[in-house]
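Asker: Quick one: this structure, given as structure tokens, is what I'll be asking you about.
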Amino acid sequence: MIKITINGKNYKVKEGLTILEASKQVGIEIPHFCYHPALESEGSCRMCLVEIKGVPKLQLACSTPIKDGMEIETENERVIEARKAVLEFLLAGHPLDCPICDKAGECKLQDYYYKFGLFEDRFEEEKPKRDKLFRIAPNLIYDQERCILCTRCVRFLREITKTGELGVLNRGKESLISIYEQELIENNYSGNLADICPVGAITDIDFRFKIRTWFLERKKSICPICSRGCNINIHFLSPSFPFKVEKRVFRITPEPNVKINGYWICNLGRYNYHYIDNDRILHPLKRNGELKQISWEEFYEDIGNKIKILIRRKKEEKIGVIVNLSLTNEEYETLEIFFNKCIPGTEIITFGKKSGKEDNFLLTEDRNANRKGAGKYRFKEKKIDILKFLNKKELVIFFGHEITEHCNIQLLSEALKDIKTKVLIASNKGPLINLVDYILPSTVIAEKEGSFTNSQGITQKFYRVLEPLGESRPEIEILTSLAQKSGIWRNFLMTRRAG
Amino acid sequence: MFLDILIIAIKIILGISWLLTLTLILTWVERKESAVVQDRIGANRASILGLRVFGLFQPIADAIKMMFKEDFVPPFSNRFLHTIAPFLSFFFAVITLAAIPFGDEITIGSKVIALQIVRMNVGLVFILAMFSLGIYGIIIGGWASNNKYTLLGGMRGTAQIISYEIALGLSLIGLIMIYPSLELNEIVKYQGSLLFGFIPKWGVILQPLGFFIFLIAGMAETKRVPFDLPEGESEIIGFYTEYSGMKFGLFMMTDFVEVILISALVTTLFFGGWQVPYLYPDGFHFPWGGNILLNKWIVTVLQVLSFNLKVAFFCWLLVLARWTFPRYRYDQLMNLGWKLLIPMSFVNIIGTGLILILV
Amino acid sequence: MIKSLVFLLEFLKGLWITAKHFWINIFFNFLKLIGFNIRDRGSVTIQYPEEKKEIARRHRSLHRILTREDGSPRCVACMLCMTVCPSECIYIEAEEDPNPEIQKRPSKFIIDLSRCCFCGFCVEACPEDALRMDTNIVELGEYNREKLIYDLNRLVRISK
Amino acid sequence: MSLKFSPQIEKEINKIIKNYPQKQSALLSILHLAQKEFGYISEEVERLVAQILDIKPIRVREVVTFYTMFHQRPVGKYHIKVCRNISCSINGAEELIDYISEKLGIKVGETTPDKKFTLSVVECLGACEHAPCMQVNSEYYGNLDKKKIDLILERLNNDIND
């Protein structure tokens, strides 16, 4: 611990930090463009200049380490004058196309200019014209005019993904960021470039021109795409937005969490959010010749009675439950209480999504959000032959469509033909829809709360971000209501309390 | 006998049609005059086959509208009384017309016909009595609407009319002391005689104070601005707030009818009725010498015309007053009635008496 | 009582004023009727559907969208008008423009005049001077509410 | 990759690489060698150098585009670089540039069709005492006027070297 003085106040901070990091720790923001906590500091933007007593020139806060007894001024006249000058120079080559720039509203240049800017145009020269639609990746567009050459993107590709597709070409005012010839950035983390760009130079095609950022609200959640459990921010249309728009979620950005995902998420997690709004099951449906909308109460009544009868007839083994591996820990616990403890004899098996390729960074092989959480309970693993499992069942409840990835759908439909009651609880439409009698909408991860245990064994809580779409309900609520109607309510409550 | 009944019936029909026509025109006058006073143009849109005639068809349009509007009776109100109130109000206003002379007598064949519906020797008292009965329309209408505010409006109206009734009556006592009869035609006839040989003995000259009091009290009787406390539907809620359609129309018409009747009364009592100065049954006889002899029919026409012109002038004046003054506050209204008009009418009576004794 | 008498005097004055107005206006109206039209005397009412008042230069009337030289709307779908609109009557959806100089253009631009309060904030906010309220069209009444919803084509057409 | 260094230069490259603790530090020296060998640094050369040094070709391009002495396009036999900084401009360099480009029939930055001359303008050559001045390959020519330029160009055209 060493003593430093910032703006006349004394602080004690850890040794080895830079001025910028130290002042951030004590709650003083020093404006910066090129500094990023996860990247090596470069010192190219000159925005973080601060005055150090005894040093004649202003120094870069992002690359000057602190020393004992250092006296730093971050907000005096000289520093602000320097910031003004830096901003003026940056804007000499930066177009004022904020109205069409997707970064507007969360742009650092915009924010700092409004805070420190010199609101007076002293340039008579024309601003340079450059390529505004430079494709650097299948999902990214690079606007050379807007770029302020902070080289965050270059450093990200060199230091984090170690692919180094981008470089700074030419020098002086001719400099620009470029890929080599036509070799586009193809790595799985390219989406982060749009996030770390402090201005609107790199924009995401998926988000480009869809909506202005100030109409969006963001809330933390957890990415359910793989078992890493990356922390994400879901950007959704603010409820105060006055118009009715079908799409609710507009993009997903990483939420910094050093233990799990650092500052990044993979493209898979970033762009796979459309399931939240598209292809959702909206109402409980019952097949009676054809699919018909029913109310939740009707469903609880129907299935609850069936379970009740099966229990009375002591034929619990006729109930089969097939669970996916993307439910929350709380839901697994409820399942355990419901089927394993209150109706012992029922068979529960789990089926997850098929494994995918893992990369060496964040994406894991296991594409199920909560395999670890399910593993804590006495569910049978998928080694069982599904057809044998279905044999002589009278009531089957599916959670999700994952089962169809593991067996021939033809055989499955034949096996299901003999079963009297087939229930599907799923958030989205899928192949099982045509094979079952009851289809019930459950909520997606963003619409429920609970916790996931990731592949590292870290359990993370997440909260509801969006209101459930249509009549969908979280699985835990469905199970609890079903327990009430199936005559095991008392037992259920007791076990739950005991647990 | 049959002929008498026929004559009376014709007189009634003529009288009522005169009154109602004038009422219709008065609604137009009211709109137009207010517009002109306020530098506007006023209602001019109602047209028949593209003919607008300064909006003269507006009253007809209004009447049609009134008749086709929904007649709404508030729930839990007394339906019978609610219905009867506007009729009462209208009836007692119209019946006053019976005593008012439009002209002198005419003789057709051997029949002498008075240009007056009924020639009764208690004419003045009859008129005052009928005016007083008009209150029932107001109070019943206010009460039967089953609405606190209309009841309050009705109460306000009753109190106001009763108060001004006194001043109205007292202001006439001076006249009665001077005039030989209570019969209105006699009063008019008396006003044909000359004072000092050249000034017509019109009531306004003999009783200027009485005239003012009568005019003001009469305006109060009509319940119009500045004395429209019983009405004031939009601001203070009057007795006919719960009325719609033609029932509302009747209340509205009562207002205009009363304006006409007050004008007719002022004319009759203070401005010589059908008298034209220096006009005698056989023609003009000017006090400075010189005569213009006229046919007696022409004289009659001139007399009736004179009466109508005077009535029209007072109607105009009352409408003008309505668009000039703001509404009284209730205490001001009562102050004016009880503390000014009634004492003044007493002063008038005593003064008249003194002059009569001294002269 | 004396106070009331003073009132009486004032009443007479008031009557005099209204009567003066009445006769002067009647006189000039009569002159008008027989063909002598003396401006600003008599009644000052404008007979609206037949006569129309000149609209002030800065009056905020119906919106229009200005076009570039090639006829395409100047709007770049920055949605600032949509953001600033207090009555929430503007709705915009953006799309990519093939011209890299322009980049962004509206695919939908809707002004719901049934909600518009004609405050003119949208015009103030527009960075491209694409939206103006200077058409001097003020008679916007329609028998059908749907007709009050103006889309991009209609707003551009007004300008021509 | 079809392009290769000659064995002799390859030996030299290996020697240079050994001078540095990190391979990529040898980039500048190798690029100089490459320019000597191939005349200019094309995309293929960039890829070759990147392969040798085990780095991404974009890094090679960064260096190549940063320094003006590396050519990305073939240059003529004689590379005429005329100074256009203050001293030279005051003494008529602008005029001379126009004169030369007119005489050679090329614009600034272009090469004559016979691949003999390339004309470019440069910042200060550090010879202000001889202003206006120019550099042809590694030779300096100072105190220029139109006559002198005629003379120089003629001599170069006939490949007469001093």
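Asker: Going down the list D:116/D:146; A:9/A:53; A:315/A:341; B:111/B:296; A:357/A:388, which pairs span over 24 Å between their C-alpha atoms?
Answerer: A:357/A:388
Asker: With a 1.4 Å probe and every protein chain kept in, tell me what percent of the accessible surface of segment D:7-66 is carbon plus sulfur.
Answerer: It is 48 percent, rounded to a whole number.
Asker: Tell me, what are the semi-axes, in whole angstrom and largest first, of the equivalent ellipsoid of segment B:59-199 as set by the roots of 5 times the Cα gyration tensor eigenvalues?
Answerer: In descending order the semi-axes read 38, 21, 12 Å.
Asker: Summing both sides, how much accessible area is buried between C and A? Use a 1.4 Å probe and give Å² to the nearest 100.
Answerer: Protein heavy atoms only, the C-A interface buries about 1600 Å².
Asker: Relative to the first principal axis of the alpha-carbon coordinates of chain A, what is the inclination of helix A:77-92, with its axis defined by its Cα atoms, in degrees from 0 to 90 and to the nearest 10?
Answerer: That helix lies at roughly 70 degrees to the long axis.
Asker: Based on the alpha-carbon set only, what is the convex hull volume of segment A:247-328 divided per residue, in Å³?
Answerer: That works out to 183 Å³ per residue.
Asker: Another question, then. Let me confirm one metric for peptide B:33-45, namely the mean number of other chain beta-carbon atoms within 10 Å of its residues' beta-carbons.
Answerer: If you average over the peptide's residues, the count of other-chain Cβ atoms is 5.
Asker: With runs of 4+ DSSP H residues as the only contributors, calculate the mean residue ellipticity of chain A at 222 nm using -39,500 (n - 2.57) per run, divided by the residue total and rounded to the nearest 500.
Answerer: Here the helix-only value at 222 nm equals -6000 deg cm²/dmol.
Asker: Related question: Averaged across the residues of B:316-326, what count of C-beta atoms belonging to other chains lies within 10 Å of each residue's C-beta?
Answerer: 4
Asker: Taking the Cα centre of segment A:124-209 as the origin, how large is its charge dipole in debye, to the nearest 20, when only Lys and Arg (+1) and Asp and Glu (-1) carry charge on their Cβ atoms?
Answerer: Its charge dipole is roughly 180 debye.
Asker: Please give, to one decimal in nm, the separation of the simple spin-label points placed at residue B:356 and residue A:258, each 7 Å out from Cα toward the Cβ.
Answerer: 11.6
Asker: Could I ask something else about it? Calculate, for residue A:312 and residue A:456, the FRET efficiency according to 1/(1 + (r/R0)^6) with r their C-beta to C-beta distance and R0 35 Å; round to the nearest 0.05.
Answerer: 0.20
Asker: Which ³J(HN,Hα) values in Hz, rounded to whole numbers, follow from the phi angles of segment B:129-146 under the Karplus curve 6.51 cos²θ - 1.76 cosθ + 1.60, where θ = phi - 60° and Gly and Pro get x?
Answerer: Along segment B:129-146, the couplings run 5, 5, 4, 5, 5, x, 4, 4, x, 5, 5, 5, x, x, 6, 6, 6, 6 Hz.
Asker: Hey, what's the Kirkwood Rh for segment A:124-209 if you take every pair of different alpha carbons, in angstrom?
Answerer: 13.1
Asker: If you roll a 1.4 Å probe over the heavy atoms of the protein chains, what accessible area per residue do you get for chain D, in Å²?
Answerer: Counting only protein heavy atoms, the per-residue value for chain D is 59 Å².
Asker: What distance in nm separates the simple spin-label points at residue A:279 and residue C:95, each placed 7 Å from Cα in the Cβ direction?
Answerer: Reported label-point gap for residue A:279 and residue C:95 is 2.5 nm.
Asker: For each cysteine in chain D, check whether another cysteine's C-beta sits under 4.7 Å from its C-beta; list those where none does.
Answerer: For chain D, the answer is D:124, D:128, D:133, because their Cβ atoms have no other cysteine Cβ under 4.7 Å.
Asker: Determine the percent antiparallel among the DSSP beta bridges restricted to segment A:2-92, to the nearest 5.
Answerer: Approximately 75 percent, going by the DSSP bridge assignments.
Asker: How high is the FRET efficiency between residue B:133 and residue B:81 when r is their beta carbon distance and R₀ equals 22 Å, given to the nearest 0.05?
Answerer: 0.90
Asker: Send over a whole-number figure in Å² for the accessible area per residue of chain A, probe 1.4 Å.
Answerer: Dividing the accessible area of chain A by its residue count gives 46 Å².
Asker: Please work out, to two decimal places, the log10 of the ratio I(q)/I(0) at q = 0.11 Å⁻¹ from a Debye calculation in which every Cα of chain B carries one identical scatterer.
Answerer: Reported log10 I(q)/I(0), two decimals: -0.81.
Asker: In addition: Say R0 is 22 Å: what FRET efficiency, to the nearest 0.05, do residue C:119 and residue C:140 get from their beta-carbon distance?
Answerer: Calculated value: 0.90.
Asker: Residue by residue through segment A:386-392, what is 3J(HN,Hα) from phi via Karplus (6.51 cos²θ - 1.76 cosθ + 1.60, θ = phi - 60°)? Round to whole Hz and write x for glycine and proline.
Answerer: So the Karplus estimates, Gly and Pro as x, are 4, 5, 5, 4, 6, 4, 6 Hz.
Asker: Considering only Cα-Cα distances, which of the following residue pairs are longer than 30 Å: A:108/A:354; A:103/A:244; A:14/A:376; B:310/C:52; C:32/C:147; A:292/A:485?
Answerer: A:108/A:354; A:14/A:376; B:310/C:52; C:32/C:147
Asker: Relative to the Cα centre, what is the charge dipole magnitude of segment D:78-157, using +1 at the beta carbon of each Lys and Arg, -1 at the beta carbon of each Asp and Glu, and rounding to the nearest 20 debye?
Answerer: With only Lys, Arg, Asp and Glu charged at Cβ, the dipole is about 180 debye.
Asker: Over all alpha-carbon pairs of segment B:177-287, lay out the pair-distance distribution in 5 Å bins, whole %, shortest bin first.
Answerer: For segment B:177-287, the binned pair fractions read 2, 11, 17, 17, 14, 10, 9, 8, 6, 4, 2, 0 percent.
Asker: A further question follows. With a 1.4 Å probe and all protein chains left in place, how much of the accessible area of segment A:2-92 comes from carbon and sulfur atoms, in whole percent?
Answerer: Looking at segment A:2-92 in its full context, I get 48 percent from C and S.
Asker: Here is a further query. Tell me, what ³J(HN,Hα) does each residue in segment C:97-109 have, in order and in whole Hz, if you take phi through Karplus 6.51 cos²θ - 1.76 cosθ + 1.60 with θ = phi - 60° and put x for Gly and Pro?
Answerer: 9, x, 6, x, 6, 9, 6, 10, 9, x, 8, 9, 9
Asker: A follow-up question, please. Tally the DSSP beta bridges in segment D:78-157 and give the antiparallel ones as a percent, rounded to 5.
Answerer: Around 55 percent antiparallel, to the nearest 5.
Asker: Note down the nm distance, to one decimal, between modelled labels 7 Å out along Cα→Cβ at residue D:28 and at residue B:291.
Answerer: Inter-label distance under the simple model: 14.4 nm.
Asker: Please report the Cα spread of segment C:64-159 along all three principal axes, rounded to whole Å, starting with the longest.
Answerer: For segment C:64-159, the Cα spread along each principal axis is 42, 25, 22 Å.
Asker: Using alpha-carbon pairs under 8 Å, 6+ residues apart, how would you state the relative contact order of segment C:50-160 in percent?
Answerer: 37
Asker: I'd like to compare A:90-100, A:413-423, B:169-179: which one has the highest average count of other Cβ atoms within 10 Å, and what's the full order after that?
Answerer: Final packing ranking: B:169-179, A:90-100, A:413-423.
Asker: Among B:230, B:106, B:181, whose Cα lies farthest out toward the positive end of the dipole of chain B, if unit charges sit on the beta carbon of Lys, Arg (+1) and Asp, Glu (-1)?
Answerer: B:230
Asker: Based on the alpha-carbon set only, what is the convex hull volume of the protein assembly as shown divided per residue, in Å³?
Answerer: Hull volume normalised by residue count: 386 Å³.
Asker: Residues of segment A:155-179 that become at least 40 Å² less accessible with every protein chain present than in their own chain isolated, using 1.4 Å: which are they?
Answerer: By number: A:158, A:169, A:170, A:171.
Asker: At q = 0.16, 0.22, 0.25 Å⁻¹, what base-10 log of I(q)/I(0) does the Debye formula yield for segment D:7-66 when every alpha carbon is treated as an equal point scatterer in vacuo?
Answerer: -0.42, -0.82, -1.07
Asker: Using protein heavy atoms only (no ligands, DNA or RNA), what is the total accessible area buried between D and A, 1.4 Å probe, nearest 100 Å²?
Answerer: Rounded to the nearest hundred, the buried surface is 1200 Å².
Asker: Compute the signed sum of charges (Lys and Arg +1, Asp and Glu -1) over the other residues within less than 13 Å, Cβ to Cβ, of residue D:3.
Answerer: -3
Asker: If you roll a 1.4 angstrom probe over the protein chains with everything in place, what fraction of the accessible area of chain B belongs to carbon and sulfur, to the nearest %?
Answerer: About 75 percent, which is the carbon plus sulfur part of the accessible surface.
Asker: What is the mean projected area of the alpha carbon convex hull for chain D, to one decimal in square nanometres?
Answerer: Here the figure is 11.1 nm², rounded to one decimal.
Asker: With a 1.4 Å probe, what is the total accessible area buried between chains B and C, in Å² rounded to the nearest 100?
Answerer: The buried area between B and C, both sides summed, comes to about 2000 Å².
Asker: Oh, and also: In straight Cα distance, which aspartates and glutamates are under 19 Å from residue B:148, not counting same-chain residues fewer than 8 positions off?
Answerer: Here the aspartates and glutamates satisfying the reach criterion relative to residue B:148 are B:228, B:231, B:233, B:235, B:242.
Asker: Could you work out how far helix B:245-270 tilts from the main Cα principal axis of chain B, as a 0 to 90 degree angle to the nearest 10?
Answerer: 20
Asker: With point charges of +1 on the Cβ of Lys and Arg and -1 on the Cβ of Asp and Glu, referenced to the Cα centre of segment A:124-209, which listed residue (A:176, A:207, A:139) lies farthest in the positive direction of the dipole?
Answerer: Looking along the dipole axis, the top candidate is A:176.
Asker: Same structure again: Rounded to the nearest 500 deg cm²/dmol, what is the calculated helix-only ellipticity per residue at 222 nm for chain C, with -39500 (n - 2.57) per DSSP H run of length n ≥ 4?
Answerer: Helices in chain C give a 222 nm mean residue ellipticity of -10000 deg cm²/dmol.
Asker: Accessible area per residue of chain B at 1.4 Å probe, in Å²?
Answerer: Solvent-accessible surface per residue comes out at 45 Å².
Asker: On average, how many beta carbons from a partner chain sit within 10 Å of the beta carbon of a residue in C:15-22?
Answerer: For this peptide, the per-residue mean of nearby foreign Cβ atoms is 6.
Asker: Only helical DSSP H runs with n ≥ 4 go in: add -39500 (n - 2.57) per run for chain B, normalise by residue count and round the 222 nm mean residue ellipticity to 500 deg cm²/dmol.
Answerer: One gets -20500 deg cm²/dmol as the mean residue ellipticity at 222 nm.
Asker: Something else: Provide the gained length on full extension for the span residue B:40 to residue B:305, in nm with one decimal, where the gain is 0.36 nm per separating residue minus the Cα-Cα distance.
Answerer: Between residue B:40 and residue B:305, full extension yields an extra 92.3 nm.
Asker: Expressed as a fraction of 2.2 N^0.38 Å, the rule-of-thumb size for a compact globular protein of N residues, what is the C-alpha radius of gyration of chain C?
Answerer: The value comes to 1.70.
Asker: Going by alpha carbons, how many degrees (0 to 90, nearest 10) lie between the helix axis of D:43-53 and the longest principal axis of chain D?
Answerer: 40
Asker: Let me ask you something else. Considering just Cα atoms, how many Å³ per residue does the convex hull of segment A:2-92 enclose?
Answerer: 89
Asker: Explain nothing, just the number: dipole magnitude of the protein assembly as shown about its Cα centre with +1 on each Lys and Arg Cβ and -1 on each Asp and Glu Cβ, in debye rounded to the nearest 20.
Answerer: 2640
Asker: Here's something else I'd like to know. Take the Cα of residue D:114, step 7 Å along the line toward its Cβ, and report every residue of segment D:86-105 whose backbone nitrogen sits under 13 Å from that point.
Answerer: D:104-105
The values are calculated or read from the model by the stated rules, or taken from the named source; none is laboratory data. All figures in this text were calculated on a predicted structure; none of them were measured in a lab. Please note: Cβ atoms are built from the backbone with ideal geometry, for glycine as well, and neighbour counts cover all protein chains shown. These area figures cover heavy atoms from the full protein model, side chains too; ligands, DNA and RNA do not enter into them. Shrake-Rupley method; radii C 1.70, N 1.55, O 1.52, S 1.80 Å.
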